[in-house]
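I have placed the structure first, in the form of structure tokens, so that the comments after it can refer back to it.
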Amino acid sequence: MIHAGNAITVQMLSDGIAEFRFDLQGESVNKFNRATIEDFQAAIAAVKANNDIKGLVVTSGKSTFIVGADITEFGENFAQGEKAIVDWLMPVHEIFNSFEDLEIPKVVAINGMALGGGFEMCLVCDYRVMSEAAQVGLPEIKLGIYPGFGGSVRLSRVIGIDNAVEWMAMAAPKKPAAALKDGAVDAVVAADKLLEAATDLVKQAISGRLNWKAKRQEKLDAVKLNPLEQMMAFNTAKGAVLAKANPAQYPAPKLLIDSLQAGASLTRDEALKAEAEGFAKAAITPQAGALIGLFLNDQVVKKTAKKHEKGAHPVNQAAVLGAGIMGGGIAYQAASKGTPIIMKDIGNPQLALGMSEANSLLTKQVERKKMKPAQMGETLARIRPTLSYDEFKEVDIVIEAVTENPKVKEIVLADTEKHVRENTIIASNTSTISITRLAKALQRPENFVGMHFFNPVHMMPLVEVIRGEKTSEEAIATTVVLAQKMGKTPIVVNDCPGFLVNRVLFPYFGAFDLLVKDGADFQQVDNVMSKFGWPMGPAYLIDVVGIDTGVHGAEVMAEGFPDRMKPDYKGSIQAMYEAKRLGQKNDVGFYKYELDKKGKKAKTVDPTAYEIIAPFVTGEKREFDNQEIIDRMMLAFCNETVRCLEDNIVATAAEADMAMIMGVGFPPFRGGPCRYIDQTGVAEYVALCDKYAHLGKAYEAPQMLRDMAANNKKFYG
């Protein structure tokens, strides 16, 4: 053994070829944490000291190659400031460079995922051989940063500026064929031939049949484009990237291109300094803090879901009650992920609608070449439409998705319970009605749970799993497992009107109504909140949700939380409802909707909307300061999120933030409402609450925030 470390071993194979093997002990995956980087340096020193080594094959002892840097270490490093980040990166560059500069050929055998720092490791090798089962890429942009271990410099020299920008800005992992086509890898082979192929390449390099030094030199020199060609390449790249990524919201892509442009005419070592300086600028942005926090929160949510899985019973057969858009969407989602599902309704027209919804979604998959026609047929065959309960004795879980009316739901749930086994779980897809209340209609309330999907089911990743007062842990566990099996992210919450997401969303709509009452133009509010980062403004959102749905939900919330969700005035949303303007459902709401050239409903300004609202505007109509709109909208939203933490509706800030991002499209680059409060500053946020407290209870700072401000505490860190 030439080197035996905690993360890397080096041992001789044959013919002067040694295996440089990454296998981080005590971890399921390889990653570049402090321990790995220290061991990397020691392993390189051992190779340098051994004159018998004529070439290296770089391998992994895990099913993945290397998943990247250890993101849990970023916070501590990034908190030190820009200069400290550069000072941290440059020694890492020296280590990677010292491996690249070894005077022997180096071939990496990429057996699985090689992402971020993992692919940067591949790039310091002279040749890259990729298994047919592997994927490679540099996805750091998703974290609000960009490659910092030399990846941006080396990739732009290996595959060209245009391709490199596309790889890094799009952040999607590349499959073998795409990686080979772009020149990022040199060969793709079957998994069982990987080591043999990599070893053969090393032998060819040692013998001189391959000019490995010339391959390495390409990465050491400046980019091979003259100044005019460089200017054209970078102008094209900036235009394409910045058209998709607003630098005010996502600064990393522009910083990446600026760094590449600064280093294109420089040698490797000089360009790496430019990369480090640009990386540091990205790393200290609030967007990077939010997006890295988002990644870590996602890990928290997944680990929490794992804990909830204990005690689940298998779901081999599911059923959905109600064959509307939601029921059809739920049936499609279950069937597309391999779970057979019965879809029951009271009439053939309803069943036809549900099957049509599933068929439409599958057809789109086939048209986009994401599914073959035969797979579509197999998926549809897993959905069994029925008018009776005859087959319900074989069902493990039933998801109720009938109309959002408590009396209707209670009748349907009680009827269903008579036709299923004693241990069958019954879940309600209600969006606002208390699970504890609905459970009173059942003989076995311990088997009853909320399973709230978001519309459209196939696109929205979140499922709220709601625990009623008598819900058993087995019911929770089984529902969590089914949600994961359906490709969704479950978050377990406790029962209250609206649960977590809708409970928080309705004060946001209330804040919108109050702004309009006080004289704000709803179009200005929409524009400001869209620029803030929401997918759409509140007026457009309520049109999309359905104004009738919004009014019904508001009534439930007003009953549950009258102190802050029961206004003493008629708002614009109620006015639209009474004018029979339901939003996109009937093509008129705050906006008017007409089909565009692509057949999609596009919004246009409708003067009638202003006429309907006018009698309910008591304030002077004026243009509001943009920040005032943001503050009033966000205080109501964030305060209710914190109250859900106070009331133990949701267990952690991480789960609350992820629920808002996945459930209602909270701007990801802001990290969620709790992260937003942290980045505002808790004391400063409380002061804002005090400034607007005269507007009502929704704006008053929750006691939890006052206590945090007094003790200089934050939700994170």
(message) Quick check on the range 141-158. Is at least one of its residues free of Cβ contacts under 8 Å to residues at least 40 places away in the same chain and either open to solvent by less than 30 Å² (accessible area, probe 1.4 Å) or touching a strand residue (DSSP E or B) at 6+ places or on another chain (Cβ under 8 Å) (or both)?
(response) yes
(message) Residue under question is Lys106, and the condition is that it be open to solvent by 10 Å² or more (accessible area, probe 1.4 Å), in contact with an Asp or Glu (Cβ under 9 Å, 6 or more places away or on another chain) and either of a type in the set (Val, Ile, Thr) or at pLDDT 95 or above (or both); does it hold?
(response) no
(request) Scan the range 478-502 residue by residue and report those that are open to solvent by 30 Å² or more (accessible area, probe 1.4 Å), assigned to a loop (DSSP other than H, G, I, E, B) and under 19 Å from Ala651 (Cα atoms). (result) Asp495, Pro497
(message) Residues to consider are Val366, Val320; find the one that is farther than 29 Å from Pro667 by Cβ, assigned to a strand (DSSP E or B) and either out of contact with any Leu (no Cβ under 8 Å at 6 or more places or on another chain) or open to solvent by 10 Å² or more (accessible area, probe 1.4 Å) (or both).
(response) Val320
(request) Please indicate, with yes or no, whether at least one residue in the range 503-513 is over 28 Å from Val465 (Cα atoms), of a type outside the set (D, E, K, R), open to solvent by 10 Å² or more (accessible area, probe 1.4 Å) and more than 23 Å from the chain's Cα centre (by Cα). (result) no
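Is it the case, given these coordinates, that Lys621 is farther than 19 Å from Leu514 by Cα and open to solvent by 30 Å² or more (accessible area, probe 1.4 Å)? Break it down into steps so the answer makes sense when it comes.
Details: farther than 19 Å from Leu514 by Cα: no; open to solvent by 30 Å² or more (accessible area, probe 1.4 Å): yes.
No: the conditions fail for Lys621.
Can you tell me how many residues in the range 259-276 are surrounded by fewer than 16 Cβ atoms within 10 Å (Cβ to Cβ) and without any contact (Cβ under 8 Å) to a residue 24 or more places away in the chain?
Pass one, the range 259-276, residues surrounded by fewer than 16 Cβ atoms within 10 Å (Cβ to Cβ): 265, 267, 269-270.
Subsequent filtering for residues that are without any contact (Cβ under 8 Å) to a residue 24 or more places away in the chain retains 270.
Within the range 259-276, residues that are surrounded by fewer than 16 Cβ atoms within 10 Å (Cβ to Cβ) and without any contact (Cβ under 8 Å) to a residue 24 or more places away in the chain number 1.
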(request) Can you run down the residue pairs with Cβ atoms below 6 Å, 6 or more apart or on separate chains, where the first is in the range 38-53 and farther than 26 Å from Asp70 by Cβ and the partner is open to solvent by less than 40 Å² (accessible area, probe 1.4 Å) and of a type in the set (A, V, I, L, M)? (result) Ile53/Ala18; Ile53/Val47
(message) Which numbered condition in (1) open to solvent by 30 Å² or more (accessible area, probe 1.4 Å); (2) over 30 Å from Asp625 (Cα atoms); (3) of a type in the set (A, V, I, L, M, F, W, C) is the only one that Met536 fails?
(response) (2)
(request) Might you check whether a residue that is among the small types (Gly, Ala, Ser) and closer than 17 Å to Asn111 by Cβ occurs anywhere in the range 12-25? (result) no
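Report, by residue number, each residue of the range 373-416 that is in a helix (DSSP H, G or I) and among the aromatic types (Phe, Trp, Tyr). Steps first, please.
Initially, the range 373-416 is screened for residues in a helix (DSSP H, G or I), giving 373-381, 392-394, 406-416.
Phe392, the sole residue that qualifies.
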(request) Could you grab me the full set of residues in the range 419-453 that are open to solvent by 20 Å² or more (accessible area, probe 1.4 Å) and within 25 Å of the chain's Cα centre (by Cα)? (result) Ser431
(message) Testing Lys470 on (1) free of Cβ contacts under 8 Å to residues at least 60 places away in the same chain; (2) outside any loop (DSSP other than H, G, I, E, B); (3) not aromatic (Phe, Trp, Tyr), one condition comes back false. Which one is that?
(response) (2)
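Within the range 225-239, work out how many residues are open to solvent by 50 Å² or more (accessible area, probe 1.4 Å) and either without any contact (Cβ under 8 Å) to a residue 12 or more places away in the chain or not assigned by the TED database to the domain that holds Val86 (or both). Reasoning before the result, please.
The first filter runs over the range 225-239 and keeps only residues open to solvent by 50 Å² or more (accessible area, probe 1.4 Å), leaving 225-229, 231-232, 235-236, 238.
Within this subset, residues satisfying the condition of being either without any contact (Cβ under 8 Å) to a residue 12 or more places away in the chain or not assigned by the TED database to the domain that holds Val86 (or both) are 226, 228-229, 231-232, 235.
Of the residues in that region, 6 qualify.
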(request) Please find, among Tyr676, Tyr610, the residue that is surrounded by fewer than 22 Cβ atoms within 10 Å (Cβ to Cβ) and either closer than 15 Å to Phe499 by Cα or modelled with pLDDT of 95 or more (or both). (result) Tyr610
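Residue by residue, here is whether (1) buried (at least 18 other Cβ atoms within 10 Å of the Cβ); (2) small (Gly, Ala, Ser); (3) in contact with a helix residue (DSSP H, G or I) (Cβ under 6 Å, 6 or more places away or on another chain) holds:
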| position | (1), (2), (3) |
| --- | --- |
| Thr604 | no, no, no |
| Gln627 | no, no, no |
| Cys644 | yes, no, no |
| Met658 | yes, no, yes |
(request) Mind listing whichever residues of the range 109-130 are part of a helix (DSSP H, G or I) and either open to solvent by 10 Å² or more (accessible area, probe 1.4 Å) or of a type in the set (A, V, I, L, M) (or both)? (result) Met121, Leu123
(message) Quick test of your reading of the structure: Ala575 fulfils all but one of (1) in contact with a Pro (Cβ under 9 Å, 6 or more places away or on another chain); (2) open to solvent by 60 Å² or more (accessible area, probe 1.4 Å). Name the failing condition by number.
(response) (2)
(request) Out of Leu138, Leu180, report the one residue that is assigned by the TED database to the domain that holds Lys31, touching a residue at least 24 places away in the same chain (Cβ under 8 Å) and either buried (at least 23 other Cβ atoms within 10 Å of the Cβ) or within 24 Å of the chain's Cα centre (by Cα) (or both). (result) Leu138
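Considering only residues that are closer than 21 Å to Thr416 by Cβ and either free of Cβ contacts under 8 Å to residues at least 60 places away in the same chain or surrounded by fewer than 22 Cβ atoms within 10 Å (Cβ to Cβ) (or both), which ones fall in the range 454-464?
First pass over the range 454-464, keeping only residues closer than 21 Å to Thr416 by Cβ: 457, 463-464.
Residue satisfying the conditions is Val463 alone.
Can you name every residue in the range 514-533 that is among the aliphatic types (A, V, I, L, M) and open to solvent by less than 10 Å² (accessible area, probe 1.4 Å)?
To start, the set of residues in the range 514-533 that are among the aliphatic types (A, V, I, L, M) comprises 514-516, 520, 525, 528-529.
Of everything in the range 514-533, those that are among the aliphatic types (A, V, I, L, M) and open to solvent by less than 10 Å² (accessible area, probe 1.4 Å) turn out to be Leu515, Val516, Ala520, Val525, Met529.
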(request) Please specify each residue of the range 159-177 satisfying the condition of being open to solvent by less than 70 Å² (accessible area, probe 1.4 Å) and over 24 Å from the mean Cα position of the chain (by Cα). (result) Ile159, Gly160, Ile161, Asn163, Pro176
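Report, by residue number, each residue of the range 417-465 that is hydrophobic (A, V, I, L, M, F, W, C) and part of a loop (DSSP other than H, G, I, E, B). Quick ask: steps written out before the conclusion?
Pass one, the range 417-465, residues hydrophobic (A, V, I, L, M, F, W, C): 420, 425-427, 433, 435, 438-439, 441-442, 448-449, 451, 453-454, 457, 459-460, 462-463, 465.
Within the range 417-465, Val420, Ile433, Ala441, Leu442, Phe454, Val457, Met459, Met460 meet the criteria.
Quick one: count up the residues across the range 204-215 that are crowded, with 19+ Cβ neighbours inside 10 Å and not aliphatic (A, V, I, L, M). Lay out the reasoning, then the answer.
Filtering the range 204-215 down to residues crowded, with 19+ Cβ neighbours inside 10 Å leaves 205, 210, 212.
Okay, now just the ones that are also not aliphatic (A, V, I, L, M), so 212.
Summing the residues that are crowded, with 19+ Cβ neighbours inside 10 Å and not aliphatic (A, V, I, L, M) in the range 204-215 gives 1.
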(request) Identify the residue in the range 559-568 that is in contact (Cβ under 8 Å) with a residue 24 or more places away in the chain and either over 14 Å from Phe509 (Cα atoms) or under 34 Å from the mean Cα position of the chain (by Cα) (or both) and, among all such residues, is surrounded by the most Cβ atoms within 10 Å (Cβ to Cβ). (result) Met565
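The values are calculated or read from the model by the stated rules, or taken from the named source; none is laboratory data. Quantities reported herein were computed from a predicted structural model and do not represent experimental measurements. Here Cβ is always computed from backbone atoms with ideal geometry, including for glycine, and neighbour counts include all displayed protein chains. Heavy atoms of the whole protein, side chains included, go into the accessibility calculation; ligands, DNA and RNA do not. Shrake-Rupley method; radii C 1.70, N 1.55, O 1.52, S 1.80 Å.
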